[in-house]
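Since every read-out is calculated from the coordinates, none of them should be taken as a lab result. Small disclaimer: the values here were computed from a predicted structure and weren't measured. Glycine also receives a Cβ, built like all others from the backbone with ideal geometry; neighbour counts cover every protein chain displayed.
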Amino acid sequence: MAERTVLFVCVENACRSLMAEAMFNRNPAEGWRAVSAGTEPAAAPDPRTDRMLRELGLEMPPHPPQLLTEEMMRDARIVVTLGCLDRASCPARLRAAGARDWELPDPGPLDDPAFREVRRKLQARVDGLRRELTLAGARRSVLAPRP
């Protein structure tokens, strides 16, 4: 079975979406993986993103902030935006594509305790998505015909 993709999108791909990708890929639902991108990617990740991930025992994704592409959108089974659907930089196709929006604030301008609070909320939502996908996979395997 080919891997299915969860695409995490924020404006800069410098904080939230990079953290969500790392959190999901640490222990992905079977047959799934995550990627992340930005509608207006930053030149580099926010300097605190790496430290905030390391506090959880996670590593940064292996790519710098990257531009959201049509191919990424086409290949993703699930698209999650992280609070950018109301911004002018968020393409209309994300609204029309049925993206889930988790409405999390950009932690970049926040102090460290507030950054950690955004990270905590993000981790809870990533964990919930992982459970949802795991349960959906279990239901399909129970309903699948026996060989």
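Mind jotting down a quarter of the surface of the convex hull over the alpha carbons of the range 4-143, in square nanometres, one decimal?
8.2
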#### Entry: the range 98-124 and the range 1-16: distance between their alpha carbon centers, rounded to Å
15
### Message
Give me, ordered by chain and number, the residues 5 or more places off residue 83 or on other chains with an amide H under 5 Å from its own placed amide H.
### Response
102, 103, 104
#### Entry: Under 5 Å, built H, 5+ apart or other chain: amide partners of residue 36
8
### Task
Show me 34-47, 120-133 ranked by packing, highest mean number of other Cβ atoms within 10 Å first.
34-47, 120-133
